[in-house]
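What follows is a short report on a single structure.
Nothing in this text is a laboratory measurement; each read-out follows from the coordinates by a stated rule. Keep in mind it's a predicted model, so treat the numbers as computed, not measured. Cβ sites come from the backbone with ideal geometry, for glycine too, and all protein chains shown count toward neighbours.
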Amino acid sequence: MILVTGGAGFIGANFVLDWLAQSDEPVINLDKLTYAGNPETLQSLQGDTRHTLVQGDIGDVALVSQLLARYQPRAVVNFAAESHVDRSIHGPGEFIQTNIVGTFNLLESVRGYWQNLPQENRDGGVAPTKNRFRFLHVSTDEVYGSLKKDDPAFTETSHIEPNSPYSASKAASDHLVRAWHHTYGLPVLTTNCSNNYGPYHFPEKLIPLMIVNALAGKALPVYGDGQQIRDWLYVKDHCSAIRRVLEAGRLGEVYNVGGWNEKANIDIVHTVCALLDELRPRADGKPYKDQITYVTDRPGHDRRYAIDARKLEAELGWKPAETFESGIRKTVQWYLDNPDWVAHVQSGAYREWVQKQYA
């Protein structure tokens, strides 16, 4: 049994789906079900006794402690976070509350549970023990700040220099996780990933926004000159990396997860447009790139991120399975094949489902 927090969000839900596709080990899925938590993503697990979805906040100490005591997980994988940079600029308070205070409360709940576990199973059973338990905290490369064009990629020892309220709140949560390991001995692992893309991505993010807007005949807004560079990672590759770190990562260590795919935002948009031209041509025969519109850059926009994932590859033997070319084609095709999921997100119908289920 594992406890996943934030498992109805983009990365968390993909992780839960991948986990249960490859293992019969049950998952308790705790998600606050904010706008970014979409239970429809997990619809294929309806009626599956291996998956239990619980609506709740990682900051609710009583609830988390109750779940830990009841289900006795051998590991906690923490995806729960407010994650959209633009939203953090306009409303940083929720990011501080969830990403910092929430992580603190979660750590305290987990520490209380872990301290009461037996040191080892004398009968050789599989019940959780102090030695076997793990707390894996999922974070972001944005905590490292911004790189110049010729700077080397971020490593696990790069300076922490966050530039947005979002990345600052995630950096603070990373520091809390580190401190709970060094002060209390909590067996933690931390992963810092590059930009994810793939199925079930909320359409406020760059790639799904471009796909959805293009198909709707709307403008494709590109910040500034579009030359901001990001390192792109297919979400299923990220899930496989987390599984590997959970399985064999060294306690207290940080592992960077990246796809070795540095791309400028404008190049991403052109790639999406070209794929749509091929897979779903416009009725008027014109290219989708005609819909590109440059808009005022957002405040404090980091210029470049790049992840050096060699530690993860060398120590744990992980490598991404997808190239950017294969991953982005799969992503565009998924959105073309799943218009109902997109429509429910855009209309808010998925929120009605949440309200009915958790009224």
Taking K and R as +1 and D and E as -1, what net charge do the other residues with C-beta under 12 Å from the C-beta of Gln115 add up to? +1
Distance between region 195-228 and region 291-311 - C-alpha centres, whole angstrom: 13
Applying a 10 Å radius around every beta-carbon, put 51-58, 72-79 in order of their mean neighbour count, most first. 72-79, 51-58
Once the dipole of region 2-357 is set up with Lys and Arg at +1 and Asp and Glu at -1 on Cβ about the Cα centre, which of Ala168, His51, Asn38 lies farthest towards its positive end? His51
Give me Thr323, Thr157 sorted ascending by neighbouring Cβ count inside 10 Å, so fewest comes first. Thr157, Thr323
Length-normalised contact order of region 248-345, Cα under 8 Å, at least 6 apart, in percent, tallies to 43
Taking the Cα centre of region 1-125 as origin and charging only Cβ (+1 Lys, Arg; -1 Asp, Glu), how large is the dipole, in debye to the nearest 20? 220
Candidate cut points under chymotrypsin sites (Phe, Trp or Tyr not before Pro) in region 285-359, DSSP loop plus at most 13 other Cβ atoms within 10 Å of their own Cβ, are Tyr358
What helix-only [θ] at 222 nm does the chain give? Using -39500 (n - 2.57) per DSSP H run of at least 4, over all residues, to the nearest 500, the answer is -12500 deg cm²/dmol
So in the chain, what percent of DSSP beta bridges are antiparallel if you round to the nearest 5? 10
Given labels modelled 7 Å from the Cα in the Cβ direction, how far is it in nm from Thr296 to Leu215? 3.2
Compute the signed sum of charges (Lys and Arg +1, Asp and Glu -1) over the other residues within less than 15 Å, Cβ to Cβ, of His182. +1
Taking 0.36 nm per intervening residue step and subtracting the Cα-Cα distance, what contour gain separates Ala349 from Thr129 on full extension? 75.0 nm
If amide hydrogens are placed 1.01 Å from N in the peptide plane, which non-local residues have theirs closer than 5 Å to the one on Leu136? Val76, Val77, Asn78, Leu189
Size of electric dipole in the chain: Cβ of Lys, Arg +1 and of Asp, Glu -1, about Cα centre, debye, nearest 20: 360
Relative contact order [Cα under 8 Å, 6+ residues apart], the chain, whole percent: 17
So, counting K/R as plus one and D/E as minus one, what does the shell of residues with Cβ under 14 Å around Lys236 add up to? +2
Which number comes out as Rg/Rh for the chain once both Rg and the Kirkwood Rh are worked out on C-alpha atoms? 0.96
